[in-house]
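The structure under discussion appears below in the form of structure tokens.
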Amino acid sequence: MAQDKKTVVIGVTGGIAVYKALDVVSKLKKKNYEVHVIMTDSATKFVSPLSFQTLSQNIVNYDMFSEPRAWEIQHISLAKKADLIAVIPATANIIGKVANGIADDLLSTTIMATKAPVIFAAAMNTNMYSNPIVQDNISKLQNYGYKFIKPTSGRLACGDEGEGKLVDTEIIAEYIDSMLYDKKDLSGKKVLVTAGPTIASIDPVRYITNRSSGKMGYAIAEEARDRGADVTLVSGATSLKAPFGVKLINVKTNAEMLDNVLENFNDQDIIIKAAAVADYKPKQYSDKKIKKAADEFELTLTKDSDILKKLGELKKHQVLVGFAAESNDLLQNAEKKLKNKNLDYIVANDITASDTGFASDNNKVTILNRDGRTISLEKMSKRQVARKLFDLINEK
Ligand code: CTP
């Protein structure tokens, strides 16, 4: 979610993953960033500068001693212009050079001259990556404040299997977005979010669950992360990908969610319970598959824990936020839950609307606080709802 037009300088070094850097440039342009690309000499052997030029809509810089295109000294002007520099892919060579103060081409001199944050998205052969010299260089740079996006494991271009693959371009683009987020007002805060459905098992094959997609909770966790918080996400089963930079705890049942939330509760500043927790579970779990028999089958359910209510009882300094999924009497029901569960805020949404709520990317909510204030928001993306919610919490 880019706000004012910010400038990202992408440094491209010579590894087979160079082609993926094209995709990152394209994604950043779509997010409305000004993008400048610096290629090392070896990078130009993999992909032509013209491709980067076309996607970034800027002249690609690769030769420090080329005829000046402007009066500015290139490595100094880009170093100053950059709000962030990201090296994609970052080879052992560029990491080694920067870690040891070597500035012998346009990219390394620009990195040396900048005051902007620098990210390295490392990608290289797995044996190179695990080489202690490379690892020492990475640690050294991390101690100086340089950021690293670790490679993933998989089959590498050289045929080896192991760590060294460039992460998904989407993760890199999101990481850059997150670093450049305009609000960092949750720095130093701990935020715990719950998301998704819980399940209650009937037998080894069947279970009861609900329609929660987890999208609202994940959007809240990502917003909190981007605003600088230390985020724990306790999530029921969803099809969403794990957000980077968030401590993700996967749970299935009400009891597992309760245990994990309680374990983390004391040192949190803000707790947001966006999960759709099952209120009931089968009275008896059958450890054998229940066979079909009579025409009717009765299943007795028994009440399970109300996690949020428990947190309301335990609450000390924490800001506690609940959700209220309602099909009727939205505000009255939400207010009742706010009081009964001792919450600071409740986010009420009408689940009967087809284009918002469950599974949708959008939501239309009303936020109530304990002082009786009611804020009705327009239909907006779940990420924007998350943003508004933290704006409100931070107003205090
Ligand atoms: N919640 C919870 N534990 C439960 C049920 C709900 O922690 N067993 C939390 C939800 O995460 C949400 C809030 O309580 O933040 C309200 O959930 P909701 O399902 O709307 O309400 P319930 O309290 O279950 O009441 P009802 O189902 O009767 O509407």
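The values are calculated or read from the model by the stated rules, or taken from the named source; none is laboratory data. Predicted, not measured: the structure shown is a model, and the values here were computed from it. Cβ sites come from the backbone with ideal geometry, for glycine too, and all protein chains shown count toward neighbours. Ligands, DNA and RNA are excluded from the accessible area calculation, which covers all protein heavy atoms including side chains. Shrake-Rupley method; radii C 1.70, N 1.55, O 1.52, S 1.80 Å.
Search segment 339-357 for residues being more than 10 Å from the ligand (Cβ to nearest atom) and closer than 18 Å to residue 308 by Cα, and hand back the single one that is surrounded by the fewest Cβ atoms within 10 Å (Cβ to Cβ).
So in segment 339-357, the residues more than 10 Å from the ligand (Cβ to nearest atom) come out as 339, 342, 344-345, 350, 352-357.
Subsequent filtering for residues that are closer than 18 Å to residue 308 by Cα retains 339, 342, 344-345.
On the way: 339: 12, 342: 16, 344: 20, 345: 21.
Ranking the candidates gives 339 first.
Hey, among the residues in segment 282-295 that are open to solvent by less than 90 Å² (accessible area, probe 1.4 Å) and in contact (Cβ under 8 Å) with a residue 24 or more places away in the chain, which one's farthest from the ligand (Cβ to nearest atom)?
Here the residue is 290.
For residues that are under 17 Å from the mean Cα position of the chain (by Cα) and either aliphatic (A, V, I, L, M) or on the phi > 0 side of the Ramachandran plot (or both), tally how many sit in segment 189-208. Before the answer, list the steps.
Keep residues of segment 189-208 that are under 17 Å from the mean Cα position of the chain (by Cα), which gives 189-196.
Imposing the further condition that a residue be either aliphatic (A, V, I, L, M) or on the phi > 0 side of the Ramachandran plot (or both) reduces the set to 191-193, 195-196.
Total meeting the criteria: 5.
Quick check on this structure: which one of 140, 184, 115, 97 is in a loop (DSSP other than H, G, I, E, B) and either in the same structural domain as residue 20 (by TED's automatic domain parsing) or among the β-branched types (Val, Ile, Thr) (or both)? I'd like the intermediate steps shown before the answer.
On the way: 140 fails: in a loop (DSSP other than H, G, I, E, B); 184 fails: either in the same structural domain as residue 20 (by TED's automatic domain parsing) or among the β-branched types (Val, Ile, Thr) (or both); 97 fails: in a loop (DSSP other than H, G, I, E, B).
Every option except 115 fails the conditions.
Quick check: is even one residue across segment 209-216 more than 21 Å from the chain's Cα centre (by Cα), under 27 Å from residue 326 (Cα atoms) and basic (Lys, Arg)?
Within segment 209-216, one or more residues are more than 21 Å from the chain's Cα centre (by Cα), under 27 Å from residue 326 (Cα atoms) and basic (Lys, Arg).
Filter the strands (runs of 3 or more DSSP E) completely within segment 304-396 down to those with at least 1 residues that are in the same structural domain as residue 215 (by TED's automatic domain parsing) and of a type in the set (Phe, Trp, Tyr).
Values: elements: 319-326, 345-350, 365-369, 374-376.
In segment 304-396, the matching strands (runs of 3 or more DSSP E) lie at 319-326, 345-350.
For segment 117-152, enumerate the residues that are open to solvent by less than 20 Å² (accessible area, probe 1.4 Å) and either among the small types (Gly, Ala, Ser) or more than 29 Å from the chain's Cα centre (by Cα) (or both).
Once the filter is applied, which keeps residues that are open to solvent by less than 20 Å² (accessible area, probe 1.4 Å) and either among the small types (Gly, Ala, Ser) or more than 29 Å from the chain's Cα centre (by Cα) (or both), segment 117-152 yields 121, 122, 123.
Looking at segment 6-49, which of the residues that are part of a strand (DSSP E or B) and over 14 Å from residue 94 (Cα atoms) is most open to solvent (accessible area, probe 1.4 Å)? First the steps, then the outcome.
So in segment 6-49, the residues part of a strand (DSSP E or B) come out as 7-12, 34-39.
Next cut, over 14 Å from residue 94 (Cα atoms) only: 7-9, 34-37.
Values: 7: 17, 8: 0, 9: 0, 34: 53, 35: 0, 36: 20, 37: 0 Å².
Ranking the qualifying residues of segment 6-49, first place goes to 34.
For segment 306-330, give me each residue that is surrounded by 15 or more Cβ atoms within 10 Å (Cβ to Cβ) and touching a residue at least 40 places away in the same chain (Cβ under 8 Å).
Those that are surrounded by 15 or more Cβ atoms within 10 Å (Cβ to Cβ) and touching a residue at least 40 places away in the same chain (Cβ under 8 Å): 307, 310, 311, 318, 319, 320, 321, 322, 323, 325.
Residues are listed down the side, and each one gets a yes or a no for (1) over 18 Å from residue 25 (Cα atoms); (2) in contact with a strand residue (DSSP E or B) (Cβ under 6 Å, 6 or more places away or on another chain); (3) modelled with pLDDT under 95:
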position	(1), (2), (3)
73	yes, no, yes
77	yes, no, yes
83	no, yes, no
90	no, yes, no
108	yes, no, no
129	yes, yes, no
134	yes, no, no
145	yes, no, no
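Step by step: first the residues of segment 153-174, then only those that are closer than 23 Å to residue 25 by Cβ, touching a Leu at 6+ places or on another chain (Cβ under 8 Å) and not in a helix (DSSP H, G or I), then the one that is most open to solvent (accessible area, probe 1.4 Å). Which residue is that?
Here the answer is 165.
Only one residue in 378, 298, 395 is more than 29 Å from the chain's Cα centre (by Cα) and open to solvent by 40 Å² or more (accessible area, probe 1.4 Å). Which one?
On the way: 378 fails: more than 29 Å from the chain's Cα centre (by Cα); 395 fails: more than 29 Å from the chain's Cα centre (by Cα).
That would be 298, the only listed residue that is more than 29 Å from the chain's Cα centre (by Cα) and open to solvent by 40 Å² or more (accessible area, probe 1.4 Å).
Looking at segment 242-281, which of the residues that are within 11 Å of the ligand (Cβ to nearest atom) and in a strand (DSSP E or B) is farthest from residue 309 (Cα to Cα)?
281
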